[in-house]
């Protein structure tokens, strides 16, 4: 016998969530170009393969000013529901993405970073602790910052973001 999802259950929320999310993709790098941005391209391809729409994409230097400028511009757009960044989440001197984003977040989704590091640990061991992957809500938009390696992007997208992006956007919009 089939039991319909209970109101308020995860299943009910997923059922009400949009099938397609309008996203902006930000690559943070001092060296990548449109031709060499394999991680940004991977984010875009994975989103589009799942039926989501990339409405904006950019590459900015690993510097807080340009990162915040892109986030502010995209957060002000009605056609953007989620902003996904890659790069600059480590602990090197030039890694500023976490620092640029974390103070902007009105609500943090601590579970994103925690789960990302747990899944990374299974793949790369203790080096996973070097990641400062973070996600949250900024001006009514989902913001998620992933490391810049293609392996890290693949992990974050396939295991965490793609399975829940519609649900996340639904919850933020309630």
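No value in this document is a laboratory result; all are computed from the given coordinates. Only a predicted model underlies this, so the values are computations on that prediction, with no experimental measurement involved. Methodologically, a virtual Cβ is constructed for each residue, glycine included, from the backbone with ideal geometry; neighbour enumeration extends over all protein chains shown.
Side notes on the structure shown:
- Computed from Cα atoms, the angle from the helix 110-124 axis to the main principal axis of the chain rounds to 70 degrees.
- When its C-alpha radius of gyration is set against 2.2 N^0.38 Å (N residues), the chain gives a value of 1.01.
- Helix 64-75 axis, angle to the chain major axis (alpha carbon atoms, nearest 10°): 30
- Relative to the longest principal axis of the Cα atoms of the chain, helix 38-49 runs at roughly 20 degrees.
- Modelled spin labels at residue 174 and residue 78, positioned 7 Å past Cα toward Cβ, are 2.5 nm from each other.
- Label-point separation in nm, residue 20 to residue 108, each point 7 Å along Cα→Cβ: 3.5
- Mean separation of Cα contacts under 8 Å (6+ apart) over length of the range 98-154, as relative contact order %: 35
- Helical mean residue ellipticity (222 nm; -39500 (n - 2.57) per DSSP H run of 4+; nearest 500) of the chain: -11500 deg cm²/dmol
- Each Cα pair under 8 Å and six or more residues apart adds its sequence gap; the mean of these over the residue count of the range 1-131 is a relative contact order of 25 percent.
- Residue 99/residue 129 FRET efficiency (R0 22 Å; Cβ-Cβ; nearest 0.05): 0.80
- Using a Förster distance of 25 Å, the FRET efficiency for residue 10-residue 34 (Cβ separation, nearest 0.05): 0.05
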